[in-house]
Amino acid sequence: MRQIFPAGAPNEIANVTRGETGQAAESAIAALGQLYAYPAPASPAPVPWVRANMIASADGASTLNGRSGDMSGPADRLVFSVLRSVADVILAGAGTARAEKYRPVRPGEVWPQLRDGRTRTPPIAVVTTKLGLDLNSPLLAGAPPAARTIVLTTEQCPQERRAAAAAHADVAVVGTDRVTPAAMIDALAARGLRRILVEGGPNLLGQITAAGLLNELCLTYSPVLEGGRARRILTPPFEASAGPERHEGAAGWPPVELTLAHVLEDSGLLLCRYLAASQAPG
Ligand SMILES: NC(=O)c1ccc[n+]([C@@H]2O[C@H](COP(=O)([O-])OP(=O)(O)OC[C@H]3O[C@@H](n4cnc5c(N)ncnc54)[C@H](OP(=O)(O)O)[C@@H]3O)[C@@H](O)[C@H]2O)c1
């Protein structure tokens, strides 16, 4: 892996090669941990920082053969693990949890040296209107007590499903018909989880972006053309998608300017990190 923008990157990143172990990998993980460190929390009132991590084909598709994993590669999987390691919590829509068979993060999937005094693994937070997930799945019933899965749901969710899920998960009713992006972030921040990693999908990311709550986007471009059948990495939020008159720049869906922070390259994969322009230094 090499950093191609900005130039003059730490040499340690070049030490990351497929299957490499030992001292070189240790220094590479430290370098990646620094590269992807969340901003230091403001004192005395730390505010959440919302980072999304997505992968797209060169023609902008969010899935290949129905899943995102087919577009990935070793470098993307490594950065995926680093991003999870530096996060307090992983936030995903129920659609992603179902499609990608989400389960709790295992200790071997994160880098302990990047967990700096936090729980051994970050919890997963899943947002769902009615808890349409398998209540006996590892995601809901198999998380460790220190990192219980957080379910952000609504009053539409039947009481008995909430109660059943609450046997193992942390269930929070934080919306009437839907959970607003602000309510999602607030519910996590109230639990002391401010370094937020959104792993999609396009539906959830569209809502968070349209609400102006996205601080940062880590986007891997995979060297493949999907062909236009799949959705893009963001879909318009519910309100903005109604009506044939919707167009670019319509109310509720203004373009969000981004500033490129860095680009890594490995085996043709481009790992880009963007800041929402309002967050970028200078
Ligand atoms: N390319 C990538 O990096 C990437 C990343 C992630 C996922 N994906 C792909 O994207 C697809 C899944 O994404 P998606 O956009 O269909 O779904 P999604 O955003 O993961 O989840 C949508 C679901 O989340 C719940 N939800 C979303 N917003 C909500 C709100 N405001 N309040 C309450 N519940 C809310 C609803 O679940 P309920 O139906 O349970 O109410 C909704 O159906 C899969 O094919 C996956 O493979 C790609």
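The values are calculated or read from the model by the stated rules, or taken from the named source; none is laboratory data. Since the model is a prediction, treat every value here as computed from it, not as a measurement. All Cβ positions, glycine included, derive from the backbone under ideal geometry; neighbour counts span all protein chains shown.
Worth a mention:
- Among the residues of the range 75-104, those that are of a type in the set (Val, Ile, Thr) and within 21 Å of Glu26 (Cα to Cα) comprise Val79, Val82, Val86.
- Scanning the range 145-160 for residues that are surrounded by 15 or more Cβ atoms within 10 Å (Cβ to Cβ) and away from the ligand (no atom under 15 Å from the Cβ) yields Ala147, Arg148.
- Matching residues, the range 170-203, being near the ligand (Cβ under 8 Å from one of its atoms) and under 18 Å from Arg84 (Cα atoms): Glu199, Gly200, Gly201
- Helices (runs of 4 or more DSSP H) wholly inside the range 1-111 that include at least 2 residues being surrounded by 14 or more Cβ atoms within 10 Å (Cβ to Cβ) and at pLDDT below 95: 23-35, 74-86
- Selection status of Thr121, polar (S, T, N, Q), assigned to a loop (DSSP other than H, G, I, E, B) and within 14 Å of the ligand (Cβ to nearest atom): no
- Qualifying residues in the range 194-214 (those that are buried (at least 22 other Cβ atoms within 10 Å of the Cβ) and in a loop (DSSP other than H, G, I, E, B)) - the one nearest to the chain's Cα centre (by Cα): Glu199
- Of the residues Arg118, Arg84, Arg103, the single one that is of a type in the set (Lys, Arg) and over 15 Å from the mean Cα position of the chain (by Cα) is Arg118.
- Any hit, the range 263-276, residues being at pLDDT 95 or above, among the aromatic types (Phe, Trp, Tyr) and crowded, with 18+ Cβ neighbours inside 10 Å: yes
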